[in-house]
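Structure, as C-alpha cells:
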Amino acid sequence: MFMLLWLWCCCIRVRVISNIVNISKNTILQHTRYFRDICSWKLLQLPASDFQFGGPGRIVQIDESVITKRKLEVGRVVPQKWIFGIYDVVEKKGIIIYVQNRRAATLMKKILEHVKPGSEIWTDEWRGYSSLSKLGGVSPFIHRTVNHSRNFVDPRTGVCTNAVEGY
C-alpha cells in the first residue's frame with residue numbers, strides 16, 4: 001500500500017505502477033481515486049485564508065474560462081462549466097475555482113475572498129471586471145487591463161494574463 005501511495009505521489013502512470021507492484025490496473029485506479037478523495041477532503045477542510053493571494057505591491061492575474069464544449073458542435077449537449085483562476089505572479093501560486101457563471105457579482109465575491117487588499121490585479125478588458133476599479137466607492141485594488149483584441153501583452157504597460165491562463 002505504501003509503495004502504491006509513493007508511486008501515485010510521484011505521478012507514475014497506472015500501467016507502470018501495475019507492473020511494479022503486480023496489481024491489476026482496476027485495483028490501482030480504485031486506490032488512486034481514494035487517494036485523490038482524501039486529498040480533496042483535506043483541502044476543503046483548510047480555512048479560506050490559506051487561499052489568499054497578492055497583497056500590497058504584488059501582482060495578481062485573474063481570468064475566467066469555460067472548460068466544456070462539444071467538439072465541432074457534434075454529439076451530446078454538454079453543459080458549460082466555468083472556472084475562475086487567480087494567480088500570484090511573485091509567489092507563483094494560484095487557485096482555480098468552479099463558478100456557476102461569469103457574472104460580475106459572482107467573480108467579485110471570489111476576488112474579495114481570495115485576493116488581499118492592496119494587490120495590483122491584471123485582467124483582460126471583459127466588462128465584468130470593470131467594477132474592480134470602483135468597488136464600494138474606493139477600491140482596495142489597483143486594476144490594470146490588456147485588450148486581447150489588440151495584444152496579448154499591452155506594449156505600453158506590460159500587462160498580460162498569460163501566467164493565469166497557463167496555470
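The values are calculated or read from the model by the stated rules, or taken from the named source; none is laboratory data. No experiment lies behind these values; they were computed from the predicted model shown. Positions of Cβ are generated from backbone atoms using ideal geometry, with glycine treated the same way; all protein chains shown enter the neighbour counts. The accessibility values were calculated without ligands, DNA or RNA, using every heavy atom of the protein model including side chains. Shrake-Rupley method; radii C 1.70, N 1.55, O 1.52, S 1.80 Å.
Do you know which residues across the stretch 81-121 are loosely packed, with under 11 Cβ neighbours inside 10 Å and either of a type outside the set (Ser, Thr, Tyr) or within 21 Å of PRO56 (Cα to Cα) (or both)? Across the stretch 81-121, the qualifying residues are LYS92, GLN100, ALA105. Please go through the stretch 122-134 and pick out each residue that is open to solvent by 30 Å² or more (accessible area, probe 1.4 Å) and more than 18 Å from ILE59 (Cβ to Cβ). Matches in the stretch 122-134: TRP126, ARG127, SER130, SER131, LYS134.
Taken as a whole, the condition of being open to solvent by 100 Å² or more (accessible area, probe 1.4 Å) and of a type outside the set (D, E, K, R) does not apply to GLN52. Against the numbered list (1) among the hydrophobic types (A, V, I, L, M, F, W, C); (2) open to solvent by less than 50 Å² (accessible area, probe 1.4 Å); (3) in contact (Cβ under 8 Å) with a residue 12 or more places away in the chain; (4) more than 20 Å from ILE121 (Cβ to Cβ), VAL78 comes up short only at (3). Annotation: GLY54 fulfils all but one of (1) free of Cβ contacts under 8 Å to residues at least 40 places away in the same chain; (2) within 22 Å of the chain's Cα centre (by Cα); the unmet one is (1).
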